[in-house]
Amino acid sequence: AQKITQTQPGMFVQEKEAVTLDCTYDTSDQSYGLFWYKQPSSGEMIFLIYQGSYDEQNATEGRYSLNFQKARKSANLVISASQLGDSAMYFCAIYSGGSNYKLTFGKGTLLTVNP
Amino acid sequence: KAGVTQTPRYLIKTRGQQVTLSCSPISGHRSVSWYQQTPGQGLQFLFEYFSETQRNKGNFPGRFSGRQFSNSRSEMNVSTLELGDSALYLCASSLGGGLYEQYFGPGTRLTVT
């Protein structure tokens, strides 16, 4: 079985500051992928960033970066220069298993960016 | 390019009824996945369709079914509705299948009374 743990139900950050959202995972598969999604209050899930288990470099997409520490089984999301529009729920997810894959989401972290 | 559309956006049904939700993927996308989101269970994967074939399925009872048409549009059906089926149902499409860079629709909010 695979599992995602997001220990921060809510986080606050000041506009223009950086924030780290925690995600730890557990899987017995050697090959897997880690995703982060953003869900604004409108409900639509927005793909942010992806990290493969064999990728040696941390993934980056604009202001988003994924701090991947394989030995610690953590895949934290770092948002630099926070903006008011970053206020949303953030979900970490793990995918493994090839064609008959398993996909598991964390419970999410509600990020609030203060002006 | 139009995004993923889901209809209806809101739905109220009575326990025991059945419901059909619709999802139109982004033009050219052949994979459609469905998810259920509830406050208690969080976000859970239901199933994925690719080229009219169900390619993968999450851990849900047989009351949850789906299909995909030749134009890649997909429908999800829930029979014999239970109160616990009240949820936001999200659909996502991707170009080549799998989960990388899925694009999600706005969801259908189903309330079972």
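Miscellaneous remarks
- The convex hull defined by the C-alpha atoms of chain A has an orientation-averaged projected area of 7.0 nm².
- Dipole magnitude for the protein assembly as shown: computed about the Cα centre from +1 point charges on Lys and Arg Cβ and -1 point charges on Asp and Glu Cβ, it is near 500 debye.
- Mean shadow area of the protein assembly as shown over all directions, Cα convex hull, nm²: 12.5
- Radius of gyration over Kirkwood radius for chain B, both on Cα atoms: the Rg/Rh ratio is 0.95.
- Selected from A:Ala18, A:Ala71, A:Ala81 as most flexible by GNM, with chain A as the system and alpha-carbon contacts under 10 Å: A:Ala71
- Check: chain B dipole with +1 on Lys, Arg Cβ and -1 on Asp, Glu Cβ, in debye: 160
- Environment charge of A:Ser82, counting only residues whose C-beta is closer than 15 Å and scoring Lys/Arg +1, Asp/Glu -1: 0
Each reported figure results from applying straightforward, stated rules to the coordinates on display, with no laboratory input. Quick caveat: nothing in here was measured; it's all calculated off a predicted structure. Neighbour counts run over all protein chains shown; Cβ positions are idealised from the backbone, glycine included.
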